[in-house]
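Okay, structure first, notes after.
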Amino acid sequence: DRLLRHADPAASQHFRSFWRNVPVIHVAGTKGKGSTCAFTESILRHGFSRRTGLFTSPHLVSVTERFRVNGQPVAQAVFINAFWQVWDALHRADADQPQEASLGDGSAEDGGPVPTSALPAVPGYFRLLTLLGMWIFALENVDVVIMEVGQGGRFDATNILGTNGYGRLVATGCTALDLDHTQVLGNTLAEIAWEKGGVYKQSAPSLTIPQPKSAARVLLECARAARQRDAGGAVASEEPGSPSTANLIVVPPLEPHTVSLGSLSADFQLYNAALASALALIAEGRPPPTGTTSLQDDLFVQDLEEGSSYGDERDLRAVQVRGWLDSHSEVLVGLSKAQWPGRCHTISGGPSRPGLRWHLDAAHTPLSMKACVRWFQATATPTARKVLLFNCSHEKNVVALFRVLQHMAFDLVVFTPAKDARPSRVTVPSAEELLAAESHKSDVSAARDEVQFLGEVQSEERESKRPRPSPTLPSSIGSSAPAQQSREESLQTCWQAVLATVWLSLSKSMPVTSGPQMVFVSPDLDTALKEALIRGEKASTLGALSSSQAADQALAGELEVLVTGSVYLVGGVLGCLESPATSSASE
């Protein structure tokens, strides 16, 4: 409201008119939100010829990626123009705050309204981007808006949608739930489900995919509560069995090998594609058929260790599975053309390196890492040398992630900071603390002795007779300004060294599936990329190949590099590597 009161009057009037009428699809969840939004956008654009607006986060390379119109990031000129319109209006509002002291948007300690003079001139980063996205989509006059939740849902900035005239909410969806952002959202799936389920609203159908029991029950309660939020606490009478009368619609995965999913062809994407298809069809007024198929059927619980249960099934509808897309060619076209960089994303080495492939996936929870490993195993050449580039934030369950990754036989593992990263909410934990939290007992000191820093290794190779220099490494997850440290200091304070120590400690208890494995810590991403190629090719000489065979294989460059653990790492690598001529995700 502060923005609209101080923006150009014509622009403010257009903004209000646009957001009173534009249909909106809102998507929450832990894993698969971006992919589900990408599928939904592609269906509406390619299948139904809609001019689409897509808001997602975070970005990989450029902030303009967060605001896509008709599948493309907005032009820089559009972004800059919108940014200054919003920025200037907010600062004009701030200058006029004394005259608006009676207005507030919260409760003060004494129970009265909070004066706007207590509010900052500009909201926080994500709230500002959400506001900017809404402004851009109004300027661009899109036909439909797909909005991805930033974090959680109930208290997320995007949850203004469908309230107070901000969008005509047509459907809400919740993707797979997992333990992530636990410091903010809670330590259990039930607590996280309560946060995510906060996007469900009385005005629109609530959808999800099969979920673990504890999360499923909470999502149903959230959907039921949303249906009862009208003035009388009752829901208007409508045709039984329609999406508008069901408290929660559960969408099972599409059947394998029956649809093309564009560049997002991994098996777990069948869940996201199914949910996206249902969301798009409901938005188009063509809801999928629903019925009361038992939710205890194996179809609804595959890949879920806890199983799935939604309690009282009278409050539910399940999408009828077999053949439900047969009569919707528009959906099939949209799914086949879906693109989403940084997720199940493969980039070839080009004509100069035909045997080199980079596999990028921003998996950073145990559930998504399992899916990532399955995808990498299915797409990588079995006989090629394999390299892992990894980083993650301090908050992640590193041990759980590594236990999944170590089922793969990597010849080379490089732990590297990303070029950019958000500030961490916790201090750097020690390797001992990380292992103890997962009840893993290991000789950490022995593993710590095996950690190799790329800086010091280069010095040994080139100047073996000189004293070994101390590595220069950042202590945070990003590439902050480095400080000169001793090896002992780096092992304790450098996050990537901690990751390497945990990896080596866990590897000692894993079955041997390959030859010797090289594990390194890199001071920066550029070094990591170079060394991944150089040392990855040398890795073959550690096996049983003759020197001539090793040279031939290195020249052929048969190398598969998996980049995972952090969206910031994936974005940094993508920014260095992506080329429309070589990317499988380019249109």
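The values are calculated or read from the model by the stated rules, or taken from the named source; none is laboratory data. Since this is a predicted model, take the numbers as computed values, not measurements. To get the accessible areas, we keep the full protein, side chains included, count just its heavy atoms, and leave off ligands, DNA and RNA. Shrake-Rupley method; radii C 1.70, N 1.55, O 1.52, S 1.80 Å.
Annotations for the structure displayed:
- Measuring with a 1.4 angstrom probe and ignoring ligands and nucleic acids, residue 526 comes out at about 70 Å² accessible.
- A 1.4 Å probe over all protein chains sorts 49, 263 by accessible area into 49, 263, starting with the largest.
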